[in-house]
């Protein structure tokens, strides 16, 4: 008969230490996995939830403010708004001329609007509402494209130095494609002929989608120039002055390597 094997105390200790190391390693991996999962949930769900709720509250606040001004409840300092007919302007040069006079808006302390001769909105101030029916989108427009004070709130940001709604030139906007409300997530769904409206306390400006630039460099500043034309892909854009809107966002999804742009032209203006 074979003698039973002898297990030394040192061997048992090494095996116990090995099992403890394996268990500790597994615990660390599980903990890291849970933390990463929570981070993903925070980015993809929580930030969207918070930003969308905050953006909707801001839209409602702007609408209440404008309604009070329309009723004359804004106090003696509020003006009565631009003198214009209540009907929409025709497309083309007629809309452009109307926009130039109506974009100024009211000049009370709340400071919405921002056309020719009008004090520009304060940095990060929400002053307009962007609506895109095809995307079921209704979102505030704020001055600037800073992440912390504009884009991460679920707002759409207005590029500093570009024109305001209804002005001759290019009213250029940026919005997140993913996380923080992701207002421009479905921007690629827009098609030629779709409508985009921008409402301020002065007027409602309607633009019609005209062209799309599917992908370009993040440094392609040509897309937001007064006459928008890509400097990377010059076949995309315009060659004549007009009344344009530009919507920009990151592409493809969940990256910030490239940008896409959707362009539209002003087709009507309706005074509030």
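Listed by Cβ neighbour count within 10 Å, with the fewest neighbours leading, 135, 130 appear as 135, 130. Working note: Debye formula, equal point scatterers on the alpha-carbon atoms of region 143-272, no solvent; log10 I(q)/I(0) at q = 0.13, 0.14, 0.22 Å⁻¹ is -0.49, -0.57, -1.45. On the basis of the beta-carbon distance and an R0 of 22 Å, residue 149 and residue 221 show a calculated FRET efficiency of 0.50.
Read the figures in this text as sums done on the coordinates, not as results from a lab. The model shown is predicted, which means the values in this text are computed figures rather than measured ones. Using ideal geometry, Cβ is built from the backbone for each residue, glycine included, and neighbour counts are taken over all protein chains shown.
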